[in-house]
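Just below is one structure, and these are the notes that go with it.
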Amino acid sequence: MLLGVNMMKYLKVAGAFYRYCLIRLLEFRSEFWTWSLVSPGWGFLSLATILLIFNQVNDIAGWTRTEVVLTSVAGSIFMSLLWWMVFPSLYNFMELIRTGGFDFYLLKPINSQFLVSVSRFEFDNYLRVVIMVGLLIFLGLTGYITATLASVVCFVVTIFFGLIIFYSFFFIISTLAIWLINMEGIEDFFDSVITLGRYPTYIYNGVLRVVFFYIIPMAFVATFPIKVLLGKTGLETVVLSGLMAGGFLLASHKFWLFALRHYSSASS
Amino acid sequence: MGKYWQILKMRVQIALIYRGNIVLMRLSGLLLLTTLLSMWMSTNHTGQLGGYSLNSLISYYLVGFLLNSMVFWFCTMRIKTEITEGSLGVNALIKPISYYGANFFKELGWHLFSPLMGVLTLLIVVGVSGLRPEFNFTVLSFVSFLFSVGLGSVLFYNLSASLGVLAFWTTQVGGISSVMWMGVFLLGGQSIPLSFFPDNLRKVIDLLPFRYVYSFPLEIYTQKVTNDELVSGFATQIVWIAATYIVYQLLWKQGLKKYSAFGG
């Protein structure tokens, strides 16, 4: 019962922030509409690049053109969801650290990690998500993907766990702001990290493969979800992604508590 | 010229203070480079790829990584902020300096430092990966390469500054600025060499400014341009620089007519 009440409180807080961000959006409508057009453009650029590359080669790390296109589409959806729900709050948190506004977040009677993680949402990429999901459905209907209902569900669950993994990973990096204060330029770095996962992770060899499979698990951005969708791997990957998500989330919380013990306010 | 020299000195000092940001930017570029090189090497292709051998393609991306720190300017958002937050009056309008020139030297301060970090990072990449950019230059072709980088850099500055002054009308310029970056990414040859495009599309791309920012210097480096194309390429770069400068001045003069700043 208590857990339910708590859960409702957290959902209400997240909902209030969500509404606030929607209202903010109305202030800059022209920019919102511009981004609505620009954002899908970036997704199409990636696809155009892949199609041009496949004019010259037969496969990339053993993956066919359709498989690489699917990986890029899944990566595009993943990136858009991060920009929608994760990155804005993390950038806001780093700005709060720099300006001293973070103190107010610590005073609120709610888990501070949760509060900073839901403080901002951006909706610029909504059309890109819609178009890319539509493209996946189109590829399914036209026979490019042979997926079952179970594999579609597993795909969605794997993407969800992947988002938790990378939320936790980026949250840990953002928490370094407590020591470093100014982390300007980190947006490009976050973007580039996700770009690593938008091609099949099997393109990396040697040390890079170890790093991108086990330390920064890039395969959870798009490679594993697409393998699950195509039935090339099964429930074991979904379970693995769930375990990884739990582990990363726990690590991010432990690191957060550790970092807070070293926090000294920038305000007076 | 002395006043611009002072701006340059000040910005070099600021760049040195915020060197961590430059390191982060180079690191971001390094991740993109890692992806592209790994992708091409995983194709196990032995023949020509869009007119490039695998080695010359690797050179294209390695030198392109260095080019990132030389030709790209990031003044759009700063100009936008100065216009929308009202600091333009103090920073430019009451001072006996050209806003175009002052911004150029502000950015140049950063530009002098960033390529050094680029070279350092590239040396680490070359050392660790064992990949080697091809380096079969004559003095003339090396000078041509550097000249084209300089012109490409000025062209990109003009494009960025022109987009920045659009803030007189639109308040936010992030979206439109992203369109320019998309242009450079695909049509400028940052993601793949332009020789991968079909011939009829290539004719259109050659008319746009993006090639002359990024791809043209790399085409000189990888020896993909003839002497005639070299001359016409330089001429096109200069024409685009002049055209974008005129556009910037028109926007600036029209924008100032409607600009009003508040505060003391």
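If you take the square roots of the eigenvalues of the alpha-carbon gyration tensor of the protein assembly as shown and sort them as a ≥ b ≥ c, do you get rounded (a/c under 1.5), prolate (a/b over b/c) or oblate?
Oblate shape, in that a/c is at least 1.5 and b/c is the bigger or equal ratio.
Counting only protein heavy atoms and using a 1.4 Å probe, what share of the accessible area of the stretch B:114-166 belongs to carbon plus sulfur, as a whole percent?
C and S fraction of accessible area: 81 percent.
Taking only protein heavy atoms into account and a 1.4 Å probe, give the accessible area per residue of the stretch B:178-250 in Å².
Result: 44 Å² per residue.
Per the 1.4 Å probe, what fraction of the accessible area of the stretch A:2-261, in percent, lies on carbon and sulfur atoms?
Carbon-and-sulfur percentage of accessible area, whole number: 71.
Leaving ligands and nucleic acids out of the surface, order B:ARG78, A:ARG29, A:ARG65 by accessible area at 1.4 Å, largest first.
The ranking, largest first, comes out as A:ARG29, A:ARG65, B:ARG78.
Just to verify a number: what accessible area does B:GLU219 come out at with the full protein assembly present, 1.4 Å probe, Å² rounded to tens?
Number for this one is 10 Å².
What's the average, rounded to a whole number, of partner chain beta-carbon atoms within 10 Å of each residue's beta-carbon in A:60-69?
Neighbouring Cβ atoms belonging to other protein chains average 2 per residue here.
Which residues, if any, in the stretch A:192-207 have at least 10 Å² less accessible area in the whole protein complex than in the isolated chain, probe 1.4 Å?
Buried by 10 Å² or more upon assembly, which counts only protein chains, are A:SER192, A:THR195, A:LEU196, A:TYR199, A:ILE203, A:TYR204.
Which residue, chosen from A:PHE114, A:LEU136, A:LEU82, occupies the Cα position most advanced towards the positive end of the dipole of the stretch A:47-146, where the dipole is computed from +1 (Lys, Arg) and -1 (Asp, Glu) charges on Cβ about the Cα centre?
The residue sitting farthest along the positive end of the dipole is A:PHE114.
Inside 10 Å of the C-beta atoms of A:25-36, what's the mean count of C-beta atoms belonging to other chains?
Across the residues of A:25-36, the mean count of other-chain Cβ atoms within 10 Å is 3.
Using a 10 Å cut-off around each Cβ of peptide B:175-188, what is the average number of partner chain Cβ atoms that fall inside?
Counting other chains' Cβ atoms within 10 Å and averaging over B:175-188 gives 4.
How big is the B/A interface in buried accessible area, both sides summed, 1.4 Å probe, to the nearest 100 Å²?
For chain B against chain A, roughly 2900 Å² becomes buried.
Taking Cα atoms, how many degrees apart are the long axis of helix A:186-196 and the longest axis of chain A, rounded to 10 and kept between 0 and 90?
30 degrees
List every DSSP H helix in chain B whose Cα atoms extend 20 Å or more along the helix's own long axis and whose mean Kyte-Doolittle hydropathy is at least -1.0.
The qualifying helices are B:2-17, B:19-41, B:54-71, B:99-129, B:139-165, B:227-258.
For n ≥ 4 DSSP H runs only, could you compute -39500 (n - 2.57) per run for the protein assembly as shown, divide by its residues and tell me the 222 nm figure to the nearest 500?
-23000 deg cm²/dmol
Calculate, for the stretch B:1-152, the solvent-accessible area per residue in square angstrom, rolling a 1.4 angstrom probe over the heavy atoms of the protein chains.
Ligands and nucleic acids excluded, the result is 46 Å² per residue.
How much area per residue is accessible in the stretch A:1-146 when the probe is 1.4 Å and only protein heavy atoms are counted (Å²)?
Counting only protein heavy atoms, the per-residue value for the stretch A:1-146 is 50 Å².
The values are calculated or read from the model by the stated rules, or taken from the named source; none is laboratory data. On a predicted model such as this, the values are computed, not experimentally measured, just so you know. Cβ atoms come from the backbone with ideal geometry, glycine included; neighbour counts cover every protein chain shown. Heads up: the accessible areas ignore ligands, DNA and RNA and are worked out on the full protein's heavy atoms, side chains in. Shrake-Rupley method; radii C 1.70, N 1.55, O 1.52, S 1.80 Å.
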